[in-house]
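Data first, discussion second: the structure below is written as C-alpha cells.
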Protein chains: 2
Amino acid sequence: MQDIGRRSRRFDALDKARGTEKFASDIYPPDMLWAGALRAGVPHGILRRIDTAKAEAMDGVVAVLTRKDVPGTNRQGFVHWDMPVLCGTRVRHAGDAVALVLAVSRRILAEALKAITVEIDPLPVVDTLDAALAGDAPNLHGLDTGNVLEAATIAKGDATTGLAECDVVVEETFFTPAQEHAFIETENGVARMDPDGTLHLTVSTQAPFRDRFEIARALGLDPSRIHVTGPYLGGGFGGKDGATVQCLLALAALHAKGRPVKMWWSREESLLAGYKRHAARMRFTAGAKRDGSLHAVRCELDYDTGAYAHLGVEIMALGMEHAGGPYRLPHLEAKGRCVYTNNPVAGAFRGFGVAQVSFAFEGMMDRLASALDMDPLDFRLRNAITRGERNCAGVTMTTSTGMEECLLRLRDHPHWKTRDAWRADAPPFTRRAVGVAAVFNGMGYGRGLADYAVAKVRLTGSGRIRVYNGVSDMGQGNASTFVQVAGEILCQPESVMELVQPDTDRTHPSGSSAAGRTTYTYGKALIKACEALRDKLFNRAALMLFVDDGCGFAMIPGGVRHLPTARDVPLAALAAMMHPDDRISMSEYLMPVTPETVRGGEVFRLGFPHLLFPYAAHLARVEVDELTGRVAVRDYVAFTDGGRVLNPQNFEQQVQGAVAQGLGYALTEDVLTDKAALLAKDLCTYVIPTSLDLPDIESHAVETIEHTGPFGMKGIGEVGINGPLPAVASALFQAGLPMTRAPLTAERVLAALGSADQPRIADEATPCP
Amino acid sequence: MQDIGRRSRRFDALDKARGTEKFASDIYPPDMLWAGALRAGVPHGILRRIDTAKAEAMDGVVAVLTRKDVPGTNRQGFVHWDMPVLCGTRVRHAGDAVALVLAVSRRILAEALKAITVEIDPLPVVDTLDAALAGDAPNLHGLDTGNVLEAATIAKGDATTGLAECDVVVEETFFTPAQEHAFIETENGVARMDPDGTLHLTVSTQAPFRDRFEIARALGLDPSRIHVTGPYLGGGFGGKDGATVQCLLALAALHAKGRPVKMWWSREESLLAGYKRHAARMRFTAGAKRDGSLHAVRCELDYDTGAYAHLGVEIMALGMEHAGGPYRLPHLEAKGRCVYTNNPVAGAFRGFGVAQVSFAFEGMMDRLASALDMDPLDFRLRNAITRGERNCAGVTMTTSTGMEECLLRLRDHPHWKTRDAWRADAPPFTRRAVGVAAVFNGMGYGRGLADYAVAKVRLTGSGRIRVYNGVSDMGQGNASTFVQVAGEILCQPESVMELVQPDTDRTHPSGSSAAGRTTYTYGKALIKACEALRDKLFNRAALMLFVDDGCGFAMIPGGVRHLPTARDVPLAALAAMMHPDDRISMSEYLMPVTPETVRGGEVFRLGFPHLLFPYAAHLARVEVDELTGRVAVRDYVAFTDGGRVLNPQNFEQQVQGAVAQGLGYALTEDVLTDKAALLAKDLCTYVIPTSLDLPDIESHAVETIEHTGPFGMKGIGEVGINGPLPAVASALFQAGLPMTRAPLTAERVLAALGSADQPRIADEATPCP
C-alpha cells in the first residue's frame, strides 16, 4: 500500500533508475531534424544585417529563419510580452536569438550557425542597476519610466513614526547575485506539424497548458491546434516556467515540412540564454525596542530583471511582501523597483524573490539582536508571527503558522544547545560559529491569478486506476504523491495504479509547476475526484449485488467489499459492467485567497498578496579558515512547517535539495559578467556544490495542520532555499564577520577577516612544524 | 498559540507542578468523616458472624455498616453484576469488604476496624486455573458452567486444514502474571448527601457518568439524584474504570447525616482490593509455509478473572480478537475461557487482554522465524497486515493500517542495523541480543457498545472560551489536547481558554476514559462544536458590523476579523451582545463500527470486534548477566502508528509511559500469591521499575492518516504497553533463551541459562582478579 504518511517509494523511482522513463531529451523521432538558434553574442546593439545565404546553401540545411519568418507578434513573456522569438533590429542581451537553423544533423547545424554573418552596431551597455537608473541611461524598452519596468511601495503602519519610536535602529545594504538553475536536463523539446494541422510539442516545461497560448500569440496560431506533452523534467526550479525552446521549436516545425524537429540547448547555451535568479540590491533600515520587539522596517529593493521582464514584477512583489520576515512587525515600508539591464534575462527561480530578501531581513535580525545584546534565536522567537496575527505585509494569518514552533524545536537541537562548546573547540586558524535563520515563502499564485487544478481519475477497462496528472513533475515528486493520494482514497496498492503525465490532449489544465502549489492544488482536486469515483463504484457494485444502496461498502485492494454480506466485487468486474464514460471521475479545486488588501499593493494585479505560507528555521554550523577565508558548512539542520507530511521521504528530499541549492547560492554560485558579457560560461566557471562539498543535511518536519490543504499539507518546494544564505551569514556574523554581499566566497571572507581583525597566525610565536 | 501539531505545553502542567490542581485525594471538606472497609482477609469462606458492637461503642465512630445496611441490590460490576458492596455470607477473596466504618478521624477509623470481630468458616481455596477448572472444584458463583464465566471460540478459515498445509508448525504454552496498576493516587473520593437530597461524589474515576448507574443499582437510588465530579486522576490505567470506592462511599454518605465522607485506600489496601490485570495461560500452535507466510494459528486462552467478573469477558474477547497478531493470517481458531478463582479481582488494564496475547503471538513469530531460518523482523514484515486486507479475526481493515510502515522504519534504525556488531561486542559474562515485537490494539469500545461523546464549548460572558470536558483525564493529557483542539479551530491562545473537568451536572456523557478513545471520540465531537460556535460568532459579528452574512470573517486571537473591511470584533464584545444560551455550542460524535461479523463472535454482545487499530513496532537491546540471570534493557525504540499526531510531546510521553509500564510487566511486576493470599503486599514486594531501572526510550511517530479521526489521529493509550514483554522475550530468544513465563525475572533466566548451556564462567581457566 502507498498510504498517506508512509515513507513510500516514489512511483517514478524504478523507471528513472532503469532509464526506461523518457524525458523530453530522450526523444529522437525517426527522420528528425535538429534546430538551433544563432545568439547575438553582444549585449546591446542594433542588428543591421544577417547574411544567411551561405548557411542556406549548405547540404543538409533545411531552413534558415529570421525575424521576417515569424508570422505572429514575435513576442514572448506570459505577463509582459517584451521578448522577441527572433530579434528584429534591437539586440538587448548576448543571448538574444537572431536566427534559427534547421538541419539534418547536429554537426551540420553547428556548421550552418557558424556560417551565418551578423552585423550589429554596438550600443552603450547597461550592466548595473546604477547604470540602468542613471538619468542618461539608454532606454532599453522605450518605457516612459526609463528602464524601470515597475516601481511600487507597500506599507503597513507608518515606518517613519515606527523607526522614530525604536530604541535601536540599524542600517545595511545587501547584494545578492544572479543564480543559474543548473538543472541536469537543459532546455529542450521536439515538435512536429501533424498531418491534421495540429502542432505537437513534447517539451521539458513547467507549464504545458500555458505554453500553448504563449506559442499561439508569438506565432499567430490557433491555441486549440497546439498540443503540448510534458514528460517528467530533469529539473526545472522555475527556469522552465515560461518559453525557452517552445516558440523557436514551433517556428521550426512550421518550416520542417512535417518532419519532427528537436532543439536541445547545450550547457553553454543554457547559461547564455536561459533564465536566472534576479540579482538584487536591498537597502534596509530596521528598528526594535529595548524589550526585544521588532518594530519597524523600511527597505528599498532593486531587482535586476536583465534584458526582459519575464516574471520580474511578480518576483519583486514577492520580495516586498516578505521584506519584513516571518515576524510580527507593526511598521513596514517596502519600496521595490524592477529594472531592465543588458544582463542575462532573469525570471522565476525557486524562492521567487524571497531568497534575496531573506538574506537581508535575517541579516537585520542578527544586527538588531547584537545591538540589543540578545541571543539571535531568542530575538527571532520573540518576534515570530503566530496564527491570527497580521504578517509583515498586513495579511491576517488565518492558516497554519508554524514559525514559532520551528524555532522552538531548533532551540532544543543539540547543535544549538552545544554551540558555545563547539565554538570553543575550534582547531587552530579556524573560527567556528553556529548561525540560524527563520524564513517563509508564500505558497501558490496568490490573489489575482486563479490557482486551480482539474483532476481526473479513471477506472480502466481492465480494472486498474489511472490518474491523469495535469501539472508537471520536474523532479519534486508531485506525480508520485498523486498516485499515493489516489491509493489512499481508493485503497489500492501501487501495482494497480497508472499515471498519465501532463498532456494538453489527455489531462486537464491545472496551472504550472511552480510556487509550491502542485501537490496542494492538484491534490485537493484529486481527492475530490477519487472520493466521487469511490462512491460511484460503491453504487455500481450495489447494483451488481442487488443491495439497496452504496452504504456498507469499503474499498479493498483490487475491488470493493460489501461488508455486511462479505461479498467482494473485483474492480475488473466493475469495469466490465461500466460504460467507459462512467469510469471517469473529474473534479476541480481553487486555492483560497485572502480578501484583505495591502496598502500600495493594488499595482500588483497578479499574485499578490498570499494567504498560505510554509515556514522554516535553519541552523548552520560553520567553520571559517582564517588563512584562506574559505567557509565550510559542517552541519546543517532544517525544521520545516509544511503542514502535514504526505510522504516523509519526499519531504526530506525536497528540503535537502533546496538546502543544497541554497548553499550553492550562499557560498559559490554567481553568474559573473563583465560589461554584461558572461564570465561564467560553463559548469567549470559557474561553481555548484557537489555532494563532497555539502554537509549532512538533517531535515525535521514540524507538522502543523493546514485545514485548507490535502490531508492538511502545505507545499514546501521553495521555502528551503531561503534559509542557507542567511543561516551561513548569521554564523559569520556571530564569528565577527558581518557580510553583506553574496555569495560568501573565500575572497570576500578573507577581506572581511583582514578588515575585522588579523588572523590568529599573527599572534603565533613560532610557526607550526 | 496551541496549534495542532505543535509540541504544546500541557494545559494542566503548571497547576500540577505548582500543586494548585486539586485531585480527588486533595479534597478535605470541613467537618469531614473518614470511611474505611474491613476486608475479609481469607480468600474463600462462609461469613458466619460479624461483631461490631465494640467498634460502634468507640468514641468518634459514627456508624458501622454491614450487608444488612445496604438498601439496593448490593451488586456491583457494570456488565456482570456479581460483586457485593459488602459481603453477605460468602467470601470470595481476601479483599472482599465485610463491614464499613465511619469515624471522625483516620486513627479512630483504624482502631474501630481492628475492633470488629469476624468469623469466617474457610472453604477450599481455588487459586489456579487448573484448580478452578477441575471437576470437583468449589463452584464460586453457582454457574451451570462451573467456574467458567464465559467460554467462546472464534474462527477464521479452517485452522485444522491450515495447520496441515504448513511446512513448519510450532507449539508453546505461555504464562503471564497478574499486574498491579500501581497508580500514584490510590483509589479515593469524597461524598456527601446534599441538603436537597442529591448525593454528590468527587471521586478518582475513569467513568463519572457510568458510576451514577452503578451506585444507583447497588444502593437502590435514583441515578438522576446522584452527582459525580471527576477531577484529574493521579493515574488510572483501567484500575479506576468501574466501582472502587464509589458504592462504599455512597453508602457511607447515606449514614453520615449530611457530613462529607472521605475514603482513601492505602497502598496495601489498593494492592489487596484493587483490580489487577488478568493472569493468563495461552496454549498456541502456529504454522507457516516455507515461503515465509504465516498460515494458521490455533490457540486456547485462559484468563483468570479472580473472584469477580469485572470486564473479564470483554478482556478475553479482545485477547481472542488479537490472538493472531497484526498479521495477514488465513486461518485462526481462538478458544477463550474466562475463569473465576479466589485470586484478587482482575479487571481493565491498559492493553486490555492484548498485552497477554502479544507475548504469545510474538513468541510464536520468533519460533516460526527460527524454524524457517528467517530474520525475525523480515518474517514479521513479510506477514504484516496492510489496509484493505482482513485482519487475523477476519475484519477488513478499511482504516489506517501502519504495521508494515512501523516495521520498515524499525528496520532502518541504527540499533537494528548494527545488531550483529553490538551483540559481538558484549562484555565478559554477558549476552547481548536485540529483540523486536510487532503489536496492535483495538481502539474504542468496538461494536455493541456506543462509543460516543457529547462536547460543549462556550463563549463566556467575558469573552473567553470554555471547553466542557466530558471524559476523565487520568494523566494521559486528553483534556489538554481538547484545549488545543478548540484553540486550533477557534484560533485562540491558551490564555483565552478555560477547561471544565468531567462533572455529571456541568459536562455531558462522553463515555469512560478507556480503550484509547478519549481524544478520538471527544475530539471529533469537540471539533464539530467549535466549528459551529465559530460560524455562529461570524454570523453574530456580521449583525454587529452590518454586513450581509458571516462570509469573509476569520478568527483571530481574542476576536473575529472581517477581512474585506479590516474590522475586528473582540470576543468580549460578541459575548456582551449574545444571550448566554446563544454562547453555547454542543455537538456529538459516534465512533464508526464494522458491519462485518466474526464467526463465533456473536456471544460477545459488547465491544467486539474492532474496526480501528493503532500499531507499533518495538525494539529492545538487552543484556543478560550470565552469572545472575539479570536482564537489563539498555536501549528501547518504539515506532508507533497513531495516525496523525496532535501534540508530539504528549504522544512521546504516552509511548514512554506505556513502555515503562510494559517493561515492569516484562521484567519484575508480579502480583504473587500463595493459596490466593497476597505475597506482594506493598511496593517493596511488588517491584515496579524506577527511572534508574529504565533505559532511554526513543519514540517515533509513523504518521498515517486516519480519515475518521480528529485531524487524522488514532488513540495510542494502550498499544505501547503490548510491546515490551514480547520485545524483551524476543531478544532473549535470539540469545538462546526461549522464555514462556513472565515476568522474565533473574531467577527464571538463570534457570534457562542453566538448562540451555553453562554460563561462560565454567570455561574460564582462572578467576578474575
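Just checking, does the stretch B:505-515 include any residue being within 30 Å of B:LEU619 (Cβ to Cβ), within 14 Å of another protein chain (Cβ to nearest Cβ) and buried (at least 20 other Cβ atoms within 10 Å of the Cβ)?
Scanning the stretch B:505-515 turns up no residue that is within 30 Å of B:LEU619 (Cβ to Cβ), within 14 Å of another protein chain (Cβ to nearest Cβ) and buried (at least 20 other Cβ atoms within 10 Å of the Cβ).
Exactly one residue out of A:VAL98, A:VAL125 is open to solvent by less than 60 Å² (accessible area, probe 1.4 Å), touching a residue at least 40 places away in the same chain (Cβ under 8 Å) and assigned to a loop (DSSP other than H, G, I, E, B), and it is A:VAL125.
Selection of first residues in the stretch A:216-245 that are farther than 23 Å from A:ALA355 by Cα and of second residues that are aromatic (Phe, Trp, Tyr) and part of a strand (DSSP E or B), restricted to Cβ pairs under 9 Å at least 6 apart or on distinct chains, gives the following pairs, ordered by first then second residue: A:VAL245/A:TRP264. Can you find a residue in the stretch B:570-579 that is modelled with pLDDT under 95, of a type in the set (A, V, I, L, M), open to solvent by 30 Å² or more (accessible area, probe 1.4 Å) and out of contact with any strand residue (DSSP E or B) (no Cβ under 8 Å at 6 or more places or on another chain)? Yes, because at least one residue in the stretch B:570-579 is modelled with pLDDT under 95, of a type in the set (A, V, I, L, M), open to solvent by 30 Å² or more (accessible area, probe 1.4 Å) and out of contact with any strand residue (DSSP E or B) (no Cβ under 8 Å at 6 or more places or on another chain). Here the stretch A:589-608 is the region considered, the condition is being β-branched (Val, Ile, Thr) and assigned to a loop (DSSP other than H, G, I, E, B), and the residue that is nearest to the other protein chains (Cβ to nearest Cβ) is A:THR594. Is it the case that B:GLU389 is open to solvent by 10 Å² or more (accessible area, probe 1.4 Å), in contact (Cβ under 8 Å) with a residue 60 or more places away in the chain and within 14 Å of another protein chain (Cβ to nearest Cβ)? Yes. Condition first: farther than 25 Å from B:TYR615 by Cα and at pLDDT 95 or above. Can you find one or more residues in the stretch B:707-720 that meet it? Checked the stretch B:707-720: no residue is farther than 25 Å from B:TYR615 by Cα and at pLDDT 95 or above.
Taking the criterion of being more than 14 Å from every other protein chain (Cβ to nearest Cβ), over 16 Å from the mean Cα position of the chain (by Cα) and closer than 19 Å to A:ASP375 by Cα, would at least one residue in the stretch A:713-727 satisfy it? Yes - at least one qualifying residue is present in the stretch A:713-727.
Table: residues versus (1) among the small types (Gly, Ala, Ser); (2) in a strand (DSSP E or B); (3) surrounded by 24 or more Cβ atoms within 10 Å (Cβ to Cβ).
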| site | (1), (2), (3) |
| --- | --- |
| B:THR285 | no, yes, no |
| B:CYS299 | no, yes, yes |
| B:THR305 | no, yes, yes |
| B:GLU314 | no, no, yes |
| B:ALA334 | yes, yes, yes |
| B:PHE349 | no, no, yes |
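So that you can scan it fast, the table gives a plain yes or no per residue for (1) closer than 18 Å to A:TYR232 by Cα; (2) part of a strand (DSSP E or B); (3) not assigned by the TED database to the domain that holds A:VAL719:
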{"residue": "A:ALA433", "(1), (2), (3)": "no, yes, no"}
{"residue": "A:VAL439", "(1), (2), (3)": "no, yes, no"}
{"residue": "A:VAL457", "(1), (2), (3)": "no, yes, yes"}
{"residue": "A:VAL467", "(1), (2), (3)": "yes, yes, yes"}
{"residue": "A:VAL471", "(1), (2), (3)": "yes, no, yes"}
{"residue": "A:SER480", "(1), (2), (3)": "yes, no, yes"}
{"residue": "A:VAL483", "(1), (2), (3)": "yes, no, yes"}
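Can you find even one residue in the stretch A:539-550 that is within 13 Å of chain B (Cβ to nearest Cβ), buried (at least 21 other Cβ atoms within 10 Å of the Cβ), hydrophobic (A, V, I, L, M, F, W, C) and in contact with a His (Cβ under 9 Å, 6 or more places away or on another chain)? Checked against the condition, which is being within 13 Å of chain B (Cβ to nearest Cβ), buried (at least 21 other Cβ atoms within 10 Å of the Cβ), hydrophobic (A, V, I, L, M, F, W, C) and in contact with a His (Cβ under 9 Å, 6 or more places away or on another chain), the stretch A:539-550 yields no hits at all. Report yes if some residue within the stretch B:496-503 is outside any strand (DSSP E or B), at pLDDT 95 or above and more than 14 Å from chain A (Cβ to nearest Cβ); otherwise report no. Yes, that holds for at least one residue. Would the stretch B:417-430 turn up any residue that is among the β-branched types (Val, Ile, Thr), under 29 Å from the mean Cα position of the chain (by Cα) and either within 13 Å of chain A (Cβ to nearest Cβ) or part of a loop (DSSP other than H, G, I, E, B) (or both)? No, the conditions are met nowhere in the stretch B:417-430. Taking the conditions (1) open to solvent by 10 Å² or more (accessible area, probe 1.4 Å); (2) within 14 Å of chain A (Cβ to nearest Cβ) in turn, B:GLY475 satisfies each one other than (2). Against the test of being under 14 Å from B:VAL622 (Cα atoms) and in contact (Cβ under 8 Å) with a residue 24 or more places away in the chain, the options B:ILE716, B:ILE697, B:ILE721, B:ILE705 yield a single qualifying residue, B:ILE697. Selection of first residues in the stretch B:725-743 that are under 20 Å from B:LEU672 (Cβ atoms) and of second residues that are hydroxyl-bearing (Ser, Thr, Tyr) and surrounded by fewer than 24 Cβ atoms within 10 Å (Cβ to Cβ), restricted to Cβ pairs under 6 Å at least 6 apart or on distinct chains, gives the following pairs, ordered by first then second residue: B:PRO743/B:THR668. Condition check for B:SER224 on (1) among the hydroxyl-bearing types (Ser, Thr, Tyr); (2) crowded, with 21+ Cβ neighbours inside 10 Å; (3) not in a loop (DSSP other than H, G, I, E, B): one failure, at (2). Taking the stretch A:630-676 as the range and being within 14 Å of chain B (Cβ to nearest Cβ) and among the acidic types (Asp, Glu) as the test, the residues that pass are A:ASP641, A:GLU652.
Applying the set (1) open to solvent by less than 10 Å² (accessible area, probe 1.4 Å); (2) modelled with pLDDT of 95 or more; (3) out of contact with any Ser or Thr (no Cβ under 7 Å at 6 or more places or on another chain) to B:THR594 leaves exactly one unmet item: (2). Does the stretch A:367-380 include one or more residues that are modelled with pLDDT of 95 or more, open to solvent by 10 Å² or more (accessible area, probe 1.4 Å), assigned to a loop (DSSP other than H, G, I, E, B) and among the acidic types (Asp, Glu)? Yes, there is a match, as at least one residue in the stretch A:367-380 is modelled with pLDDT of 95 or more, open to solvent by 10 Å² or more (accessible area, probe 1.4 Å), assigned to a loop (DSSP other than H, G, I, E, B) and among the acidic types (Asp, Glu). Scanning the stretch A:685-711 for residues that are among the polar types (S, T, N, Q), in a loop (DSSP other than H, G, I, E, B) and crowded, with 17+ Cβ neighbours inside 10 Å turns up A:THR704, A:THR708.
Anything in the stretch B:176-219 that is β-branched (Val, Ile, Thr), surrounded by 24 or more Cβ atoms within 10 Å (Cβ to Cβ) and part of a loop (DSSP other than H, G, I, E, B)? List them, or say none. B:THR186, B:THR205 - these are the residues of the stretch B:176-219 that are β-branched (Val, Ile, Thr), surrounded by 24 or more Cβ atoms within 10 Å (Cβ to Cβ) and part of a loop (DSSP other than H, G, I, E, B). A:ASP144 fails exactly one of the following numbered conditions: (1) crowded, with 20+ Cβ neighbours inside 10 Å; (2) modelled with pLDDT of 95 or more. What is the number of that condition? Of everything listed in (1) crowded, with 20+ Cβ neighbours inside 10 Å; (2) modelled with pLDDT of 95 or more, A:ASP144 misses just condition (1). Within the stretch B:485-503, the residues that satisfy the criterion of being surrounded by 24 or more Cβ atoms within 10 Å (Cβ to Cβ) and either of a type in the set (Gly, Ala, Ser) or in the same structural domain as B:PRO648 (by the TED database) (or both) are B:ALA486, B:GLY487. Within the stretch A:566-588, the set of residues being in a strand (DSSP E or B) and away from every other protein chain (no Cβ under 14 Å) comprises A:ILE584, A:SER585, A:MET586, A:SER587, A:GLU588. Among the residues of the stretch B:392-401, the ones that are within 7 Å of chain A (Cβ to nearest Cβ) and either in contact with a Phe, Trp or Tyr (Cβ under 8 Å, 6 or more places away or on another chain) or not in a strand (DSSP E or B) (or both) come to 2 in all. Of the residues in the stretch B:320-330, at least one is in a strand (DSSP E or B) and under 20 Å from B:PHE613 (Cβ atoms).
The values are calculated or read from the model by the stated rules, or taken from the named source; none is laboratory data. As the structure is a computational prediction, the values presented were derived from the model and not from experiment. Backbone-built Cβ (ideal geometry, glycine too); neighbour counts: all protein chains shown. Note: accessible area is taken over every heavy atom of the protein model, side chains too, but ligands, DNA and RNA are not part of it. Shrake-Rupley method; radii C 1.70, N 1.55, O 1.52, S 1.80 Å.
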